[in-house]
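The block underneath contains the structure these notes are about, expressed in structure tokens.
The values are calculated or read from the model by the stated rules, or taken from the named source; none is laboratory data. These numbers were taken from a predicted model, which means no experiment stands behind them. We place every Cβ from the backbone using ideal geometry, glycine too, and count neighbours over all the protein chains shown. Note: areas computed on protein heavy atoms with side chains; ligands, DNA, RNA excluded. Shrake-Rupley method; radii C 1.70, N 1.55, O 1.52, S 1.80 Å.
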Amino acid sequence: MPDLQHLANPVVHPVTGVTINKYEKLANDPVTQEVWTTAFGKELGGLAQGDNKTGAAGTNTVFFMNHDEIKNIPADRTVTYARVVVDYRPQKEDPNRVRITVGGNLINYPGELTTRTADLVTSKILWNSVISTENARYVTADLKLFYLTAPMDRYEYMRMPIKIIPQHIIDQYNLNDKVKNGYVYMEIRRAMYGLPQAGVLANKLLKERLAKHGYYEVAHTPGVWKHISRPVSFTLVVDGFGIKYVGKEHAEHLLHALKEHYTLDIDWEGKLYCGISLDWDYERKTVDISMPGYIKKLLQRFHHELRKAQHSPYKCAPKAYGKDAQLPLPLDESPKIDKKR
């Protein structure tokens, strides 16, 4: 199944054309350093209490710890690592993306971890339902910082090498006074990408908030939601809403409910959902789905040079016309396969 969560492209060096997926390479290259250290600072500042350089507001997801606080980390918690991911997302307002996630494989969370989310088949069924329902329309919405709004039921901890942190963040938070053995320690107080419990906590909070407005998750179909009386239903994949509605006022009812707690990116034309392009023709009751450039990006990612097109795994039998078309197929005289194989 194609990636239903993100449409992300590899970062291509503007001069050499080389594909880069390591933040350190981008940060140490004079050509790309300013763009990507600024993006890193925006991300880390957004997780903390803000980034003065970009003006990004903080979410109080993480708090930098001093030496005394580090000593008091609970004995039953494992201090995990931070993972830095870079990608280029052309559909976003700020396409140069740095994402800091938690090394969740080291977290031992005692509670429930399963999160119900829609898959590609479920999304396709909803799209088919849109074009099959009279006067139905489709709108998409992405929730910004969806995971970062859910408070943790217990705090977790991670550390990051100070050498990869941009200097303006080090200065803003006085991190040189907090560094221990080359690392900066952080206390995680809100759900964060990479935490095994992040999806559950964010989804649970969303359920509580939407239930007040009459929305509920369908019992036996993961990731599908409905309203108790309004003609609105939607699929949810991480923080992406694909909404079917009959009557714009009903879609607005859902969006207003979400806006009470989240910042949204809304596309009333419903042209893109989780990296899949949608071309709607409501008059003819059709929708064409595609992932433009998907194969080209894969070829680039795996450095595969396409020398000769091959549209079939084997050669097709030559076409025959007229009386030759009635001739029997030639006998297969190829040697038999050894039974011992």
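Identify, please: which residue in the range 210-254 is under 26 Å from the mean Cα position of the chain (by Cα) and among the acidic types (Asp, Glu) and is, among those, farthest from ALA198 (Cα to Cα)? Walk me through how you get there before you give the answer.
If we filter the range 210-254 for residues that are under 26 Å from the mean Cα position of the chain (by Cα), which is where we start, we get 210-211, 215-227, 232-245, 251-254.
Now narrow it down to the ones that are among the acidic types (Asp, Glu): 217, 239, 252.
Values: GLU217: 18, ASP239: 12, GLU252: 28 Å.
If we take residues in the range 210-254 being under 26 Å from the mean Cα position of the chain (by Cα) and among the acidic types (Asp, Glu), then GLU252 is farthest from ALA198 (Cα to Cα).
Restricting the range 318-337 to residues that are modelled with pLDDT of 75 or more and among the charged types (D, E, K, R) leaves a set whose member that is most open to solvent (accessible area, probe 1.4 Å) is LYS336. Looking across the range 43-73 at every residue that is assigned to a helix (DSSP H, G or I) and free of Cβ contacts under 8 Å to residues at least 40 places away in the same chain, the one that is least open to solvent (accessible area, probe 1.4 Å) is identified as ASP68.
Evaluate the following for LYS285: is it over 23 Å from the mean Cα position of the chain (by Cα), at negative phi and not aliphatic (A, V, I, L, M)?
Numbers: over 23 Å from the mean Cα position of the chain (by Cα): yes; at negative phi: no; not aliphatic (A, V, I, L, M): yes.
Taking the combined requirement at face value, the residue does not satisfy it.
The strands (runs of 3 or more DSSP E) found wholly in the range 256-341 and carrying at least 2 residues that are farther than 30 Å from ALA150 by Cα occupy 276-281, 286-290. Cβ-Cβ contacts under 6 Å between residues 6 or more apart (or on different chains), taken from a first residue in the range 210-238 that is farther than 14 Å from LEU120 by Cβ and open to solvent by 20 Å² or more (accessible area, probe 1.4 Å) to a second residue that is assigned to a helix (DSSP H, G or I) and not charged (D, E, K, R), are listed as HIS213/ALA257; ARG230/HIS250; PRO231/HIS250. Restricting attention to the range 11-42, the residues being touching a Pro at 6+ places or on another chain (Cβ under 7 Å), open to solvent by 10 Å² or more (accessible area, probe 1.4 Å) and either over 26 Å from LEU298 (Cα atoms) or in a strand (DSSP E or B) (or both) number 2.
Against the definition (out of contact with any strand residue (DSSP E or B) (no Cβ under 9 Å at 6 or more places or on another chain) and under 30 Å from ALA136 (Cα atoms)), how does LYS285 come out, yes or no? Let's see the steps before the verdict.
Details: out of contact with any strand residue (DSSP E or B) (no Cβ under 9 Å at 6 or more places or on another chain): yes; under 30 Å from ALA136 (Cα atoms): yes.
Taking the combined requirement at face value, the residue satisfies it.
The residues of the range 111-125 that are of a type outside the set (Asp, Glu), more than 12 Å from ILE289 (Cβ to Cβ) and either out of contact with any Leu (no Cβ under 8 Å at 6 or more places or on another chain) or surrounded by fewer than 12 Cβ atoms within 10 Å (Cβ to Cβ) (or both), listed by number, are GLY111, LEU113, THR114, THR115, ARG116, VAL121, THR122, ILE125.
For the range 82-99, the set of residues classified as part of a strand (DSSP E or B) and either of a type in the set (Asp, Glu) or under 17 Å from LEU272 (Cβ atoms) (or both) consists of ASP87, TYR88, ARG97, listed by residue number.
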